[in-house]
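Taking it in order: structure first as structure tokens, then the write-up.
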Amino acid sequence: MPVTIQNFIDGALTAPQSGAYFDTDEPATGKPYARVPDSDAADLDLAVAAAQRAFPAWKATPAKERGALLIKLAELIEQKKEAFAQAESVDNGKPLYLSRDVDIFRAIANLRNFGSADLDALNQTFEKDTSSSYTLRQPIGVVSIISPWNLPLLLFTWKLAPALMAGNCVIAKPSEITPMTAYMLSELLNEAGFPPGVVNVLHGKGASIGNAITAHPHIKAISFTGGTPTGLAIYQGAAKQLKKVSLELGGKNPTLVFADADFDKAVAGVVASAFTNQGQVCLCSERILIEASIYEKFKTAMVEKARQITIGDPLVEGTQHGATVSKAHMEKILSYFDLAVEEGGTLLLGGKRRIVEGRCKDGYFVEPTIFENLAPTCRINQEEVFGPLAVLIPFADEAEAIAIANGTPFGLSASVFTGSAERGTRVAAAIDSGIVWINCWNVRDLDTPFGGMKHSGIGREGKQRALEFFTEEKTVTKLK
Ligand code: NAD
């Protein structure tokens, strides 16, 4: 029997007002396994009213006490971390090792990291001859967070924790495609000690509950992570009420490999950057730019390394590559492989759905796929596929590599592999993206600013930036 997920409103698990639910699949089997509330504006009104009631007392609660509740929630998740990891893999299709070592590990770290933040450190003072001023950072009120399916609990907590630490009451909407771990978290909120109404979790589709959040007059800010078209719709909707928005959107990230790089480290880094989480990390690299003098040797080594990735049931230990998140997403990825062939690409590895025998025979598995001979300007090198795809592109020199790297509408992240420290610094400064890694990929320090340029987003997350987003700044001046 499928599990029935509930909303969490005013401190209680609650069925949707309409009584309507929809099914969600386990991507590794293609079978429905959970019923998700199809929430709408009526559920939102209840949640916002509860959040408004809770706000004055929550705002007045000392930050240290708010942080202690976040840390308590982290402890409760940690006690059940294996159940959370299993649920994340069932819901998303990702291998268990990733759910354990990345998703749930980071969710716990997010809660602890923001729970121990020093809010006073955000304030500034200004001393002049005749006046002295100081700034205060105060909570906004009722805010919303909207998160995607690729790193479900990780990104949900990445937004929830700073919003709460800053003293806001929250309407949280996880992706309807992966609702399970947010539901499990909501079951722990009372035990952690959060007063009713401080956190409200609403499940449902973007077109209904998502739009209702954007349009709601009493939600003062939205922190969103997801696709660029959705981000644009939220931005436009929020503008009508001058709502504050933070948008973390898609990417078409380049990895640049120079001939002087440590060859083996670069091959390992590039394979990880292209295929981790079935290529469904916003930071994954779909464009691999390789200096022409090592192109053939690098291509051979990369294809060989990617061929060794173990594809299989995400719940079986040792699986490195699980299922993509849904049938629709699998079909979208496969249609891009067809496009790459139409655009004249040469397939070097993969290129199709993989049937995994047994329990997973109807699962949404897509092989790690590598193409070459595709111009940097063709669609496959311009649009985000968000799957296990790498296109190899040779370059003649540093200037050409930078021009290709910057030649898309996106600007989220980039990696540079080089043996020259000067070149690494120079290229990092020249690339138009919010994040650049030198001789590594996806090394994350939670205190550093995180976010994208161009169509990859507006604003930055990370310790200080997220706390700034979720607060209003006030300047107080007095004469000396
Ligand atoms: P999506 O935009 O389809 O959905 C994200 C969330 O927005 C979901 O909760 C969805 O229900 C909600 N939503 C959809 N339509 C809405 C609307 N009209 N109003 C309000 N909410 C709405 O994205 P996805 O497919 O879940 O995630 C994949 C995308 O997310 C990729 O483009 C990926 O690059 C991006 N992403 C970016 C980052 C980052 O940090 N920049 C991180 C992870 C994922």
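The values are calculated or read from the model by the stated rules, or taken from the named source; none is laboratory data. From a predicted model like this one, the values you see are computed outputs, not experimental measurements. FYI the Cβ positions are ideal-geometry reconstructions off the backbone, even for glycines, and counts take in every protein chain you see. Side chains are part of the model used for accessible areas, which takes the heavy atoms of the whole protein and leaves out ligands, DNA and RNA. Shrake-Rupley method; radii C 1.70, N 1.55, O 1.52, S 1.80 Å.
Taking the longest Cα principal axis of the chain as reference, the axis of helix 228-239 is set at about 30 degrees. Taking N as the residue count of the range 225-300, its C-alpha radius of gyration divided by 2.2 N^0.38 Å amounts to 1.55. Under the convention that each Lys and Arg Cβ holds +1 and each Asp and Glu Cβ holds -1, the size of the dipole of the range 1-129 around its Cα centre is about 320 debye. Of the trypsin sites (Lys or Arg not before Pro) found in the range 1-85, those in coil by DSSP whose Cβ has at most 16 other Cβ atoms within 10 Å are LYS80.
Placing pseudo-labels 7 Å out from each Cα toward the beta carbon at LYS128 and THR377 gives an inter-label distance of 5.2 nm.
Calculate how many DSSP beta bridges within the chain are antiparallel, expressed in % of all such bridges and rounded to the nearest 5. Close to 45 percent. Among ILE294, ILE458, the order of accessible area from largest down is ILE458, ILE294, computed with a 1.4 Å probe on protein heavy atoms. Each label was represented as a point 7 Å from its Cα along the Cα-to-Cβ direction; for THR448 and LEU13 these points are 4.0 nm apart. Using Cβ point charges alone (K and R +1, D and E -1), the dipole size of the range 330-423 about the Cα centre works out to roughly 440 debye.
Using a 1.4 angstrom probe, figure out how much accessible area the chain has per residue, in square angstrom, rounded to the nearest whole.
With all protein chains present, the chain gives 38 Å² per residue.
Taking every Cα-Cα distance in the chain and sorting them into 20 Å bins starting at zero, the pair-distance distribution P(r) comes out as 24, 54, 21, 1 percent.
Taking all protein chains together, SER18, SER326 sort by accessible area into SER18, SER326, largest first [probe 1.4 Å]. Sparse packing (at most 12 other Cβ atoms within 10 Å of the Cβ) combined with a DSSP loop state is found for the following trypsin sites (Lys or Arg not before Pro) in the range 317-369: LYS352, LYS361. Please give the Cα centre distance for the range 229-261 versus the range 320-337, rounded to the nearest Å. Using only Cα atoms to place each centre, the spacing works out to 22 Å.
Classify the range 1-108 as rounded, prolate or oblate from the Cα gyration tensor: take a ≥ b ≥ c as the square roots of its eigenvalues, call it rounded if a/c is under 1.5, otherwise prolate when a/b beats b/c and oblate if not. Cα axes put the range 1-108 in the oblate bin.
Since only PHE156, ALA268, ILE311 are under comparison, the one whose Cα sits farthest along the positive direction of the charge dipole of the chain, derived from C-beta charges on Lys, Arg, Asp and Glu, is PHE156.
Among the GluC sites (Glu not before Pro) in the range 175-274, those placed in a DSSP loop whose Cβ has at most 16 other Cβ atoms within 10 Å are GLU187.
Of all DSSP-defined beta bridges confined to the range 253-451, some 20% are antiparallel rather than parallel.
Angle of helix 327-342 to the longest C-alpha principal axis of the chain, folded into 0 to 90 degrees and rounded to 10: 40°. Ranking ARG137, ARG287 from most to least accessible surface, computed with a 1.4 Å probe over the protein chains only, gives ARG137, ARG287. Ligands, DNA and RNA left out, the accessible area of the chain computed with a 1.4 Å probe is 55% carbon and sulfur. Adding -39500 (n - 2.57) for every DSSP H run of four residues or longer, then dividing by how many residues the chain holds, sets the calculated 222 nm ellipticity at -10500 deg cm²/dmol. Find, to one decimal place in angstroms, the Kirkwood hydrodynamic radius of the range 253-451, where the mean of 1/r is taken over every pair of different Cα atoms and then inverted. With all distinct Cα pairs of the range 253-451 included, I get 17.0 Å.
Ranking ALA166, GLY231, GLN138 by how far each Cα lies toward the positive end of the dipole of the chain (charges on Cβ) leaves GLN138 at the top. Partners of LYS361 within straight-line reach, counting lysines whose Cα lies under 29 Å from its Cα and excluding those fewer than 8 residues away in the same chain: LYS31, LYS81, LYS94, LYS205, LYS305, LYS327, LYS332, LYS352.
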